[in-house]
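Worksheet: the structure to be examined is printed underneath.
The values are calculated or read from the model by the stated rules, or taken from the named source; none is laboratory data. Every value quoted in this text rests on a predicted model; they were computed, and no experiment measured them. In this analysis, Cβ positions are derived from the backbone assuming ideal geometry, glycine residues included, and neighbour counts consider all displayed protein chains.
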Amino acid sequence: MTLPRYIIVLFAATMLLFACKKEEQKEEPKEHYGTTNGRTVLVYIVADNNMSTQALIDIREMLIGAKYLGDKDHLMIYLDDNSMPRIYDVTNSNAGQAYKDLTPVFSFSSEVNSCTYDQLLWVLNYMKEHYAAESYGLVMWSHGSGWLPATPSANPKTYGVKSRSFGLDNDGKSFTGHQMDIEEIAQAIEDFQKVDFLIFDACFMQNIEVVYALRNTAKTIISSPAEVPGDGAPYHTMLKPMFEDEGYVTGMVDEYYNVYKSSTIYGILLSAVNCESLEHFAEVTRVYVQKYKQELLTTEYVDDNNNPTILDYFWFDKYTSSSLQYPDYYDIKGLMKKVMTTEDYAVWSEELNKIIGASVYTNLWFSAAMNKQYKTVDGDQYSGVSMHVPLEKYAVKDSGFKRFASSYYDTEWAQKVWE
């Protein structure tokens, strides 16, 4: 996620992410809906960075959306912003309440690092102890950069490149701080229990590498393969399907999309991945990656002006800078379609369709990481899931990304599919 519009000027010289300020929704609480037997959803907000104000705006939206919760439902909010971390329990009795009147059910007496396995698991266990339910959901809210490993210290410059993986915990600063590896998230959730859905309200998290690492944590993962607008998820409307017994996955995706499809400022790219089909999909994809490995590693994916010739959510060749370096985030569909024969692609794409539970996009989406430009989406190449290709250009001497190039082979997906 990115900054609200009214502070973007302050960070324009150092950050390449975009944002806009939400209009606070004005709506009176209505009748309650909710699940039959109760669902508890944890929103794990890591906003001890440059997004603390945005977190409060989203919580106000959640309080509006609380009208949709049933009597057995709970929305538990863990908030680590520029104040001491605290936990809120939101029920339908809080519907329409002002944030300033919301009282924490637990407050930490000192600062904690929210980007650790221990802290995430502690909060998950607190949820089970105090708000046990038949169904659980989890929203991971913060900055994000996909499969990239977290930097090994609070100062990413020691690693030579600024990365986030998931989260950023460091007292209001943008690019320095602790991050959390995807493997830490996976282990914490697995040690808790599988949740019904996992949502990343964060940028670049719908990589095949990420969802494969998290395949045992949730039935469904909802996220974006690209940058997420500063507005993020529209909680004031999305909480209705979030707390329904059936159809909640497609319902949440639809509510998310409906807000952005009419926007004249930003767009959204979003998908839902069925985790139960990922293991078989990896096995099938391995066959074709091994068959087309030479083509995948040697094909030119840019034209003479360094513009990509396939759907790419970050253009490494043209927009990488010394302050923020990401690899290309190619859509897996456009990527495989480019190198495979028509016959092989027809077989492989059937397997791809089995893991995509929902996939939506606006024709235009806005990227701050790529010089604050609008980009178009080729629907024939779009799946809503990206895949990394370990190209030689990432490991060259003059590339600030080179330290991450070898780290790719530490991912379970790379070990399963590429090696």
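List of remarks:
- Candidate set: segment 386-416, residues that are touching a residue at least 24 places away in the same chain (Cβ under 8 Å) and in a loop (DSSP other than H, G, I, E, B); chosen: the one nearest to Ala186 (Cα to Cα): Thr411
- From Val284, Val273, Val339, residue being surrounded by fewer than 21 Cβ atoms within 10 Å (Cβ to Cβ) and among the β-branched types (Val, Ile, Thr): Val284
- Any hit, segment 31-47, residues being loosely packed, with under 15 Cβ neighbours inside 10 Å, part of a loop (DSSP other than H, G, I, E, B) and modelled with pLDDT under 90: yes
- Residue selection: Tyr257 fails the criterion of being within 18 Å of Tyr136 (Cα to Cα), in contact (Cβ under 8 Å) with a residue 24 or more places away in the chain and of a type in the set (Phe, Trp, Tyr).
- Residue that is farthest from Ser399 (Cα to Cα) [pool: residues in segment 302-319 that are free of Cβ contacts under 8 Å to residues at least 60 places away in the same chain and touching a Phe, Trp or Tyr at 6+ places or on another chain (Cβ under 8 Å)]: Thr309
- Qualifying residue in segment 230-240 (condition: surrounded by fewer than 20 Cβ atoms within 10 Å (Cβ to Cβ), at negative phi and touching a helix residue (DSSP H, G or I) at 6+ places or on another chain (Cβ under 7 Å)): yes
- Search result, residues across segment 84-115 that are part of a strand (DSSP E or B) and either loosely packed, with under 15 Cβ neighbours inside 10 Å or under 22 Å from the mean Cα position of the chain (by Cα) (or both): Ile87, Phe106, Ser107
- In segment 370-385, the residues that are at negative phi and either part of a strand (DSSP E or B) or within 16 Å of the chain's Cα centre (by Cα) (or both): Gln373, Tyr374, Lys375, Thr376, Ser383, Val385
- Leu278 vs. criteria buried (at least 19 other Cβ atoms within 10 Å of the Cβ) and within 28 Å of Ala368 (Cα to Cα): no
- Lys157 fulfils the conditions (1) outside any loop (DSSP other than H, G, I, E, B); (2) modelled with pLDDT of 95 or more except for a single criterion, (2).
- Test for Leu63: is it buried (at least 24 other Cβ atoms within 10 Å of the Cβ), of a type in the set (A, V, I, L, M) and not in a helix (DSSP H, G or I): no
- Helices (runs of 4 or more DSSP H) (entirely within segment 162-279) containing at least 3 residues that are within 16 Å of the chain's Cα centre (by Cα): 182-192, 208-213, 248-261
- Leading residue by the ranking (nearest to Gly230 (Cα to Cα)) among those in segment 368-402 that are among the hydroxyl-bearing types (Ser, Thr, Tyr) and at pLDDT 85 or above: Tyr374
- Considering Phe175, Phe192, the condition of being at pLDDT below 95, surrounded by fewer than 24 Cβ atoms within 10 Å (Cβ to Cβ), in contact with a strand residue (DSSP E or B) (Cβ under 9 Å, 6 or more places away or on another chain) and not aliphatic (A, V, I, L, M) is satisfied by Phe175 alone.
- Here Asp80, Asp118, Asp73 are screened, and the one residue that is crowded, with 23+ Cβ neighbours inside 10 Å, at pLDDT 95 or above and under 23 Å from the mean Cα position of the chain (by Cα) is Asp80.
- From the list Tyr78, Tyr99, Tyr68, Tyr117, the one residue that fits, being touching a Lys or Arg at 6+ places or on another chain (Cβ under 9 Å), in contact (Cβ under 8 Å) with a residue 40 or more places away in the chain and under 25 Å from Gln179 (Cα atoms), is Tyr78.
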